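Here's the structure, in structure tokens; my notes come after.
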């Protein structure tokens, strides 16, 4: 366990299991109110609006933000279950905050904060909570993300395509508190853990955000990633494919005209993995 509050929540849940504790009416009402607010946010409030930098997107790649600003209509549409998935995350956060309160963990609910970096770069956001003078975020995660992405801070920061590190750094600067970390809940099992932001580069992140703002003001498109060589049995096939960062982007078809997503060409598996091909030179397997 990495945070004193973890032990308190585990102790409360253990007591609950044996009938030695309960959930107070006040906490139940707070959870209900938080879930109600989430329902309004997800199902009632309008989602579309003018592009702007926010705490939640300052860590994303420039090319993705450029499309968000200039050609949002070219994004691959969200699946019909997208809003339900978002709602699950909101419910998990509301319940977990309730457990913190019932476990005796003192914290401040996040309020809207503003980070002014000058030159017209003003960014708003709302952190989830502040415990002992450190700002934390609550994240619900798939089993794979729980075990692999949120393994520890270094693993998260190494492949942070969603910009969680920059988001927390921004909250830290705006709220004038130290960065804390992430409370991560496995949506499939209910497991939870705390991932501490052990070496978050707050000032470096702020400088990167200022540069990002300037570049978006100039508004010239550039790709942040190149296509990579496909290999089979450690030998190049001659084909070019998208890297992991691009393969998850909802603008990949707009950014890479002619992109073809199909089963792996050289694979001999009965059910080959899907691959995003930028350029197909050879359909032969290189032995």
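Since every read-out is calculated from the coordinates, none of them should be taken as a lab result. Here the structure is a predicted model, which means the values were calculated and not measured. Neighbour counts are summed over all protein chains in view; Cβ atoms, including those assigned to glycine, are modelled from backbone coordinates with ideal geometry.
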Study note, to complete from the structure: Per the C-alpha gyration tensor (a ≥ b ≥ c, the square roots of its eigenvalues), the stretch 151-281 is rounded if a/c is under 1.5, else prolate if a/b beats b/c, else oblate; here it's oblate
Point to revise | Cα gyration tensor category, rounded, prolate or oblate, for the stretch 36-179 with a/c compared to 1.5 | key: rounded
Review point. Taking neighbour counts of Cβ atoms within 10 Å as a proxy for exposure, in what order, fewest first, do 87, 274, 55 appear?
Key: 274, 87, 55
Study note, to complete from the structure: Scoring the stretch 162-287 by relative contact order with C-alpha pairs under 8 Å, at least six apart, yields a percentage of 17
Practice item. Go ahead and set up a Gaussian network model of the chain, Cα springs under 10 Å, then flag whichever of 165, 83, 101 fluctuates most. Key: 83
Point to revise | Percentage relative contact order, the stretch 4-218, counting C-alpha pairs under 8 Å, at least six apart | key: 22
Exercise for review: Pull up the DSSP beta bridges for the chain and report the antiparallel fraction as a percent, rounded to 5.
Suggested key: 75
Revision key, fill the gap. From fewest to most C-beta neighbours within 10 Å, the residues 36, 47 line up as 47, 36
Study note, to complete from the structure: Listing 224, 246, 255, 63 by rising number of other beta-carbon atoms within 10 angstrom, fewest first, gives 224, 63, 255, 246
Check your understanding: Which angle between 0 and 90 degrees, to the nearest 10, do you get for helix 25-43 versus the longest principal axis of the chain when only C-alpha atoms count?
Key -> 30
Check your understanding: Between residue 233 and residue 122, how many nm apart are label points set 7 Å from Cα along the C-beta direction?
Key -> 6.2
Revision key, fill the gap. With -39,500 (n - 2.57) per DSSP H segment of 4 or more residues and division by the full residue count of the chain, the 222 nm estimate, nearest 500 deg cm²/dmol, is -11500 deg cm²/dmol
